[in-house]
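Novice: Encoded as C-alpha cells, here's the structure I'll be asking about.
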Amino acid sequence: MRISEVTIEKFRSIKKATFRMSDITAVVGENNAGKTAVLRALNAVLNYKHEEESFFNKAHRYAPRNNTYITVVFEDIPNKIIYENKIYDNKLAIKFSFSYADNKKKYILLKGRDSENLDDSFMQELSKDIMYVYIPAGRTNKDVRWSDNSIFKDLITSYTAQYTENRDMISGYVRKATDKIHDTVLKKLEKEINELYMQNKSMDFKIAFPENLDYTVLLRNIEFSLNEYGANYLLQEWGGGTKSLAVIAMHRANALLKNGSIVLGIVAQLSRQKSKIFIMN
C-alpha cells in the first residue's frame, strides 16, 4: 500500500497544493516555504493525535474563519474486507477536514461523485496496513537509545516479543543468573541480617528477585553502537547523517516486523537558508 497523491488546502502556510508521490519524492526550497507543512499534513491525517494540539491552538490554521482540508489518495490497496465498497478506480481516497470553530475533525471517503463519513476505527485499521512516520530535522539522541517513545525501544520491544511469543527461551537464563547472585552473595547477607536482628528469632529475612522475572528487565540497559575498525562507538556519538540513516533503517525494520507498509516523511537541513523534505513510500 502506498500514497500516490495528497492535496492540501488551507493548512499552515499552504493555501492549496497537490503533490503526486513516487517511491521517493523530494522537495527543495528556502526555509519557511511550507515544505514541512506537507509532512505535517500527512501526519495530521494518519497520526492525528500527534497533531491535535496544533489544531486546538490554531497553529495549523491558514487564516481566520478558514477550515483545513487534506485529501490523501492510496494505491495498491490490500485485499481486505474493510476496503470492500470503498475503492474507486483502484484507489482509496480519504478527505480529512478540521473545523476550528468547534475543534472537530472529520474523515470522508471519496468515491467519484459520492462520499461517506468514516469513523476513527476505520483509520485505526488503515494504520495497520500503512504507517506514516514524520521525522523532523534536528533528530536527537533519543531516537537511537532506549527512551520513552523512541523507535529503538519500540523496535527492540516488538522484536523480542515476537521472538518469545510462542515460547520464551530467554527468561530462564535470566532467572538462572539471579539465582546465582542470590546463592553466591545475597544468601550470606540474609544470614548476617538475621543474626543481627534483635527480636523474634522465629522469623527469617529473605532477599530475592521476583519469581516472575523475565528478560525484559535487561532491555532498558541495551545500547546501540557502530563498530569501526574494531572499536565500538555509541550511535549518539556519531553525526546527524549517520543517526538519520539508522533511524530510517529502524523504522523500515519495524514496518516489516508488523507486516505493514511504511511512509517516511523526512526533513533534511541543507544550510541555514535551505532545506529539503523527502517522502519515501
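Where a number appears in this text, it was derived from the coordinates with a stated rule and is not lab data. Every value quoted in this text rests on a predicted model; they were computed, and no experiment measured them. A quick note on method: Cβ atoms are made from the backbone with ideal geometry, for glycine too, and the neighbour counts reach across all protein chains shown.
Novice: How large is the charge dipole for region 171-214, taken about the Cα centre, if only the Cβ atoms of Lys, Arg (+1) and Asp, Glu (-1) carry charge, to the nearest 20 debye?
Specialist: Around 100 debye, computed over region 171-214.
Novice: Separate question: Rounded if a/c is under 1.5, else prolate if a/b beats b/c, else oblate: with a ≥ b ≥ c from the C-alpha gyration tensor eigenvalues square-rooted, which is the chain? Before the final figure, lay out each step's value.
Specialist: Working: a/c = 2.43, a/b = 2.05, b/c = 1.19.
Because a/c hits 1.5 or more and a/b exceeds b/c, the chain counts as prolate.
Novice: Give me the one-decimal nm value for the distance between modelled label points at Met198 and Leu226, 7 Å along each residue's Cα-to-Cβ direction.
Specialist: Placing both labels 7 Å beyond Cα along the Cβ direction yields 6.1 nm.
Novice: Around Ile135, which amide H atoms from residues at least 5 apart in sequence, or from another chain, sit under 5 Å from its own amide H, with H modelled in the peptide plane?
Specialist: Under 5 Å from the amide H of Ile135 lie the amide H atoms of Gly265, Ile266, Val267, each far enough along the sequence or on another chain.
Novice: Okay, next question. For Lys86, go through the aspartates and glutamates and keep the ones whose alpha-carbon is under 20 Å away, minus same-chain ones fewer than eight residues off.
Specialist: Glu5, Glu75, Asp76, Asp114, Glu116, Asp119, Asp120, Glu125, Asp129
Novice: Using the Cα gyration tensor of region 171-214, with a ≥ b ≥ c the square roots of its eigenvalues, what is the shape: rounded (a/c below 1.5), prolate (a/b larger than b/c) or oblate (neither)?
Specialist: Taking the square roots of the gyration eigenvalues as a ≥ b ≥ c, region 171-214 is prolate.
Novice: Still on this structure, please answer the following. How would you order 252-258, 8-14, 226-232 from highest to lowest mean count of nearby Cβ atoms within 10 Å?
Specialist: Peptide ranking by packing, descending: 8-14, 252-258, 226-232.
Novice: When the chain is treated as a GNM, springs tying every alpha-carbon pair under 10 Å, which of Lys106, Lys16, Lys176 comes out with the largest mean-square fluctuation?
Specialist: Result for the chain, Cα springs under 10 Å: Lys176 fluctuates most.
Novice: Given the options Asn166, Asn259, Asn31, state which has the largest fluctuation in a GNM of the chain using a 10 Å cut-off (strictly under) for Cα springs.
Specialist: Asn166
Novice: If you don't mind, another one. Given a 10 angstrom Cα cut-off, can you work out which residue in Tyr88, Tyr48, Tyr134 is the most mobile in a GNM of the chain?
Specialist: Highest fluctuation among the options: Tyr88.
Novice: For the pair Ser13/Glu237, report the inter-label distance in nm, with labels modelled 7 Å from Cα in the Cβ direction.
Specialist: Those two pseudo-labels are separated by 3.9 nm.
Novice: Quick one: grab the alpha carbon gyration tensor of region 1-60, order the square roots of its eigenvalues as a ≥ b ≥ c, and give me rounded if a/c is under 1.5, else prolate or oblate depending on whether a/b is larger than b/c.
Specialist: oblate
Novice: Want the number for Asn259 to Arg145: 0.36 nm per residue separation, take away the alpha-carbon distance, what's left?
Specialist: Between Asn259 and Arg145, full extension yields 38.7 nm more.
Novice: For the chain, what is the charge dipole size about the Cα centre, in debye to the nearest 20, if Lys and Arg each add +1 at the Cβ and Asp and Glu each add -1 at the Cβ?
Specialist: Numbers: 42 positive and 34 negative charges, 229 e Å.
Here the chain has a charge dipole of around 1100 debye.
Novice: Length gain on complete extension for the stretch Ile207 to Arg175, per 0.36 nm per residue less the alpha carbon to alpha carbon distance?
Specialist: Computed gain between Ile207 and Arg175 is 10.1 nm.
Novice: For region 94-158, what ratio Rg/Rh do Cα atoms give with a Kirkwood hydrodynamic radius?
Specialist: We get a ratio of 1.13 for region 94-158.
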